[in-house]
Amino acid sequence: MGRCILIFGAGLNQLSLIRAARELGVTSVVLDVSEDAPGRPLADHFYCVPGDDYETTLTIARRHGVAGLVTSQMEKPMRLMARLAVELGLQFHSPEVTERSLDKWLMKQAFLAGGVPCAEGYLIRAGEGLPEGRIRSMGFPLILKPKDATSSQGVFRVDTMEEAKGFLDIARRFSKSGEVILEEFLDGPEFSVESITYRGKTTVVQITEKFVSPFPCTVEMGHLQPAPLTAAQRAAVERCVVHAVEAIGIDNSASHAEVKLTAQGPKMVEIGARLGGDFISSYLTTTSCGVDMDKAAIQVALGEVPDLEHRHQQYAYIKYLQLPVGERVGRIRDYDDLQACDEVVMAHISQPVGSLIPQITESRKRPGFVIVKGSSREEVLQLGQECALRLMCKFSFRREQELAAE
């Protein structure tokens, strides 16, 4: 039957993963909740399956004799994947490791037990109010975040007790358990770290500079590789991440870590036991250093030695669009001319015609992006700004009265 990989997800963020399987000569069996998922035409075998349908997923895996499991960006299928791996004897995180990678409070406890530098925190359980005494002892500013949400949902910086009270219920709405973490604010620039762990050895592939929106919400509006770090800073960040990987128990997997570089040194924010999102592990990393992390993730899932050779060095930058809040999209013109530019790796608009432009309070509300490449940090920052403006000019906005008249 040959090598066969079960890929969870066929959305825009999984296209490069499905292509990577084909380039490796691996048969792809792809699952998605949508019949018209963009990755469907690329899959060798495609199935539309609800994300919580374990029995159907198990039947499909057995039918094709899959030898490995993989996903990118998505955390929702990971518990199902862990259960499936146990039943089929496949290489994946144990259920315990999976829980530590998904539950931010369990993650923090693992960091603390393993001596990994991280923020001091406090768990506010469902139905509990603010621990005002603990807050006073910790001091402001603080971060409020759901224990089990993703994509910057429900994460707020709070500077006063009034703000903490105002944001608590909002943060709680994004938590399936109703539990919220209150933790110290880590001051310093933030970076993400893309790694591959194979048979107990972690290799840091690339470090990414992050650009986030102003407080109280912090939404990632850009990522740039490689990050502007000194050799000593990079080494310290790498040591911190490797330590975190070991504390969580991640092995034979990609990981995506978030780190703050504070005055006391690097401190862990969170780590995901899977490929990173926002096209960081895929388009940015391949463009900046030539390592195809999608291929590497498939290789380790199949028990094969991953190819982590850096083939070149250049800069890559993804910039997300910011459109006028409250306007309604009347038309979006073709942007193939932008896609055809040598310096543009990818451009994409996700805001549909007829929709109202929302305030960007979480990642999924970003209306589009452009990825560019160049020979310096300054060059790609400038290119990103110019190309984002060109992409924004493809939008036309309509007044409500005009739409009503039609």
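Which of the strands (runs of 3 or more DSSP E) found entirely inside segment 18-77 contain at least 2 residues meeting this: without any contact (Cβ under 8 Å) to a residue 60 or more places away in the chain?
Once the strands (runs of 3 or more DSSP E) in segment 18-77 are filtered for at least 2 residues that are without any contact (Cβ under 8 Å) to a residue 60 or more places away in the chain, what remains is 27-32, 45-48.
Testing Met346 on (1) in the same structural domain as Glu386 (by TED's automatic domain parsing); (2) within 30 Å of Ser253 (Cβ to Cβ); (3) in contact with a Gly (Cβ under 9 Å, 6 or more places away or on another chain), one condition comes back false. Which one is that?
(3)
When you scan segment 290-406 for helices (runs of 4 or more DSSP H) that lie fully inside it, which ones turn up with 1 or more residues that are within 26 Å of the chain's Cα centre (by Cα)?
293-301, 336-339, 377-392
Against the condition hydroxyl-bearing (Ser, Thr, Tyr) and free of Cβ contacts under 8 Å to residues at least 60 places away in the same chain, how does Ser177 come out, does it pass?
It is true that Ser177 is hydroxyl-bearing (Ser, Thr, Tyr) and free of Cβ contacts under 8 Å to residues at least 60 places away in the same chain.
Across segment 1-18, which residue is modelled with the lowest pLDDT among those that are within 12 Å of Ile298 (Cα to Cα) and more than 19 Å from the chain's Cα centre (by Cα)?
Among residues in segment 1-18 that are within 12 Å of Ile298 (Cα to Cα) and more than 19 Å from the chain's Cα centre (by Cα), the one modelled with the lowest pLDDT is Arg3.
Go through segment 155-261 and tell me which strands (runs of 3 or more DSSP E), entirely inside it, have 3 or more residues that are in contact with a Ser or Thr (Cβ under 9 Å, 6 or more places away or on another chain).
Filter on segment 155-261 gives 190-198, 201-212, 220-225.
Can you pull out every residue in segment 185-220 that is of a type in the set (S, T, N, Q) and within 13 Å of Ser255 (Cα to Cα)?
Passing the criteria: Ser192, Ser195, Thr197, Thr202, Thr203, Gln206.
Check whether at least one residue in segment 181-195 is of a type in the set (D, E, K, R) and over 30 Å from Leu323 (Cα atoms), and report yes or no.
For segment 181-195, residues of a type in the set (D, E, K, R) and over 30 Å from Leu323 (Cα atoms): present.
Can you tell me which of Asp53, Asp32 is under 26 Å from Arg100 (Cα atoms) and either modelled with pLDDT under 95 or crowded, with 16+ Cβ neighbours inside 10 Å (or both)?
So the residue among Asp53, Asp32 that is under 26 Å from Arg100 (Cα atoms) and either modelled with pLDDT under 95 or crowded, with 16+ Cβ neighbours inside 10 Å (or both) is Asp32.
Pull up segment 195-216, narrow it to residues that are crowded, with 20+ Cβ neighbours inside 10 Å and of a type in the set (A, V, I, L, M), then point me to the one that is farthest from Ser288 (Cα to Cα).
Ile196
May I ask you to list the residues in segment 63-101 that are surrounded by fewer than 20 Cβ atoms within 10 Å (Cβ to Cβ) and either farther than 21 Å from Ser28 by Cα or β-branched (Val, Ile, Thr) (or both)?
The answer is Val86, Ser94, Pro95, Glu96, Val97, Glu99.
Could you grab me the full set of residues in segment 93-135 that are assigned to a loop (DSSP other than H, G, I, E, B), more than 24 Å from the chain's Cα centre (by Cα) and under 14 Å from Lys145 (Cα atoms)?
Arg125, Ala126, Leu130
Confirm whether Lys267 is charged (D, E, K, R), assigned to a strand (DSSP E or B) and in contact with a Cys (Cβ under 6 Å, 6 or more places away or on another chain).
So Lys267 fits the description; yes.
Hey, any hits in segment 136-153 for a residue that's part of a loop (DSSP other than H, G, I, E, B) and in contact with a strand residue (DSSP E or B) (Cβ under 6 Å, 6 or more places away or on another chain)?
Yes, segment 136-153 contains a residue that is part of a loop (DSSP other than H, G, I, E, B) and in contact with a strand residue (DSSP E or B) (Cβ under 6 Å, 6 or more places away or on another chain).
Please verify whether segment 118-131 includes one or more residues that are in contact with an Asp or Glu (Cβ under 6 Å, 6 or more places away or on another chain) and acidic (Asp, Glu).
Yes, that holds for at least one residue.
The values are calculated or read from the model by the stated rules, or taken from the named source; none is laboratory data. Just so you know, these numbers come straight off a predicted model, no measurement behind them. All Cβ positions, glycine included, derive from the backbone under ideal geometry; neighbour counts span all protein chains shown.
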